[in-house]
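Student: One structure coming up, written as structure tokens, with questions to follow.
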Amino acid sequence: MLVGLREILDIAEKESVCIPAFNVYNLETVKGVMRAAEKMRSPVILQIYSRLVTNGAAEGLSELICGFADRSNLPVCFHLDHGAGEKEVVRSLRYGMTGIMIDASTLPLEENIVATRGIVRLCDHVGVAVEGELGHIGKAADGDESVTHEYTRPEEAARFVSETGVAALAVMVGTAHGKYKKLPVLDIDRIARIKKATAIPLVLHGGSGVPDDQIRSAVAAGIRKMNFSTDLCCAFLDACRLRDKSIVGIDLFMEEPIRAVEKFALEKIDVLGSGGIL
Ligand code: 13P
Ligand code: ZN
């Protein structure tokens with residue numbers, strides 16, 4: 001069943017676990033993730049990048065995702081990831097998304113608050129909860145994840161949450177998007193301090209390539225939603241590359257890539273502890 005961001009994160013808080021949020025792109029990635037969630041009996045967040053809203057892909061994909069969610073008896077949240085602005089957010093609400101992220105994290109604090117608060121108010125008209133971002137989570141390719149002065153500060157996070165009304169907060173604590181050049185080292189103590197200061201579910205972006213022991217520590221410190229995209233894409237694309245090119249039926253060709261996505265999702269659900277809690 002399709003549920004809201006707040007509802008699914010409430011489950012995570014109650015059980016002290018973390019809900020996986022997988023970026024999906026097409027039927028096959030949705031199928032792989034949903035198979036894993038069903039097998040593990042795990043709540044799951046299916047999210048799509050803002051660019052898929054802009055380029056039109058979200059229109060058909062939304063119907064597909066909502067269909068899978070409706071047919072499942074698991075809690076499934078359909079979420080906009082890194083929402084670029086009001087236009088993308090309004091379209092996403094129209095497509096049936098039940099969670100919205102607004103990413104104004106490159107702006108100075110005051111402007112981030114104003115932009116995020118505006119989106120929270122807008123989404124509140126239709127009862128949809130919002131994830132904001134404070135402390136910019138960059139790209140691993142830029143190698144800037146160890147620049148600690150850009151990390152989220154607990155006291156600013158408390159102000160951001162109370163002045164915007166976000167239901168979840170994405171924090172910069174040492175992760176980055178994409179393939180890491182060297183293993184990330186998460187600031188677990190900072191996660192615990194932000195959690196104490198804000199008392200809301202925290203979100204970790206850049207989940208690909210984070211070692212399992214650090215993921216477990218981050219969840220113990222208060223991370224309740226964790227995003228995975230790059231490694232899911234690689235699992236899918238690598239499986240396509242290895243496929244027998246003489247297979248002509250696209251459905252047959254896609255069997256292995258779907259299984260590769262399912263395997264990746266199963267592993268992450270296992271580490272996050274969200275399986276079998278319902
Ligand atoms: P990765 O691509 O590094 O897994 O990050 C995912 C993410 O944060 C999506 O918002
Ligand atoms: Zn992200």
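The values are calculated or read from the model by the stated rules, or taken from the named source; none is laboratory data. These numbers were taken from a predicted model, which means no experiment stands behind them. Glycine gets a Cβ as well: all are built from the backbone with ideal geometry, and neighbour counts include every protein chain shown.
For (1) within 16 Å of ligand 2 (Cβ to nearest atom); (2) surrounded by 17 or more Cβ atoms within 10 Å (Cβ to Cβ), each residue gets a yes or a no:
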{"site": "S162", "(1), (2)": "no, no"}
{"site": "M172", "(1), (2)": "yes, yes"}
{"site": "Y180", "(1), (2)": "yes, yes"}
{"site": "A199", "(1), (2)": "no, no"}
{"site": "L202", "(1), (2)": "yes, yes"}
{"site": "A221", "(1), (2)": "no, yes"}
{"site": "D238", "(1), (2)": "no, no"}
{"site": "I269", "(1), (2)": "no, yes"}
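Student: Another one. Within the stretch 1-32, track down each residue that is closer than 15 Å to V271 by Cα and of a type outside the set (D, E).
Tutor: The answer is A12, S16, V17, C18, I19, P20, A21, F22.
Student: Out of (1) within 18 Å of G138 (Cβ to Cβ); (2) touching a residue at least 60 places away in the same chain (Cβ under 8 Å), what's the single condition that is false for A260?
Tutor: Checking A260 against (1) within 18 Å of G138 (Cβ to Cβ); (2) touching a residue at least 60 places away in the same chain (Cβ under 8 Å), the one that fails is (1).
Residue-by-condition table, conditions (1) within 16 Å of ligand 1 (Cβ to nearest atom); (2) surrounded by 21 or more Cβ atoms within 10 Å (Cβ to Cβ); (3) within 18 Å of L204 (Cα to Cα):
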residue	(1), (2), (3)
S92	yes, yes, no
T106	yes, no, yes
L109	no, no, no
G118	no, no, no
L122	no, no, no
E131	yes, yes, yes
T152	yes, yes, yes
E156	no, no, yes
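Student: Are any residues in the stretch 216-262 in a helix (DSSP H, G or I), polar (S, T, N, Q) and within 16 Å of ligand 1 (Cβ to nearest atom), and if so, which ones?
Tutor: Taking the stretch 216-262 and keeping what is in a helix (DSSP H, G or I), we get 216-221, 230-242, 250-253, 255-262.
Filter once more, so that each one left must be polar (S, T, N, Q): 217, 230.
Correct list: T230 only.
Student: Do you know which of the residues in the stretch 87-126 that are closer than 21 Å to S162 by Cα and of a type in the set (D, E) is nearest to the chain's Cα centre (by Cα)? Working first, answer last.
Tutor: Of the stretch 87-126, the ones closer than 21 Å to S162 by Cα are 99-126.
Next, from what is left, pick out any that are of a type in the set (D, E): 103, 110-111, 124.
Numbers: D103: 12, E110: 25, E111: 23, D124: 20 Å.
In this case the residue turns out to be D103.
Student: Please name all residue pairs, on different chains or six or more residues apart, with Cβ atoms under 7 Å, provided the first residue is in the stretch 110-135 and is closer than 21 Å to I223 by Cβ and the second residue is aromatic (F, W, Y).
Tutor: Pairs that qualify, where the first residue is closer than 21 Å to I223 by Cβ and the partner is aromatic (F, W, Y), are G132/F160; L134/F160; G135/Y151.
Here's the yes/no breakdown for (1) among the aliphatic types (A, V, I, L, M); (2) closer than 26 Å to G275 by Cα; (3) touching a helix residue (DSSP H, G or I) at 6+ places or on another chain (Cβ under 7 Å):
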{"site": "L169", "(1), (2), (3)": "yes, yes, yes"}
{"site": "V173", "(1), (2), (3)": "yes, yes, yes"}
{"site": "P211", "(1), (2), (3)": "no, yes, no"}
{"site": "A221", "(1), (2), (3)": "yes, yes, yes"}
{"site": "A239", "(1), (2), (3)": "yes, yes, yes"}
{"site": "V248", "(1), (2), (3)": "yes, no, no"}
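Student: Which members of the stretch 94-103 meet the condition of being surrounded by fewer than 23 Cβ atoms within 10 Å (Cβ to Cβ) and not charged (D, E, K, R)?
Tutor: Y95, G96
Student: Regarding the stretch 11-18, can at least one residue be identified that is over 22 Å from L122 (Cα atoms), at pLDDT 95 or above, hydroxyl-bearing (S, T, Y) and outside any helix (DSSP H, G or I)?
Tutor: Yes, there is a match, as at least one residue in the stretch 11-18 is over 22 Å from L122 (Cα atoms), at pLDDT 95 or above, hydroxyl-bearing (S, T, Y) and outside any helix (DSSP H, G or I).
Student: Give L74, L52, L27 a once-over and let me know the one that is within 22 Å of E133 (Cβ to Cβ) and either in contact (Cβ under 8 Å) with a residue 24 or more places away in the chain or surrounded by fewer than 20 Cβ atoms within 10 Å (Cβ to Cβ) (or both).
Tutor: Exactly one residue qualifies, and that residue is L52.
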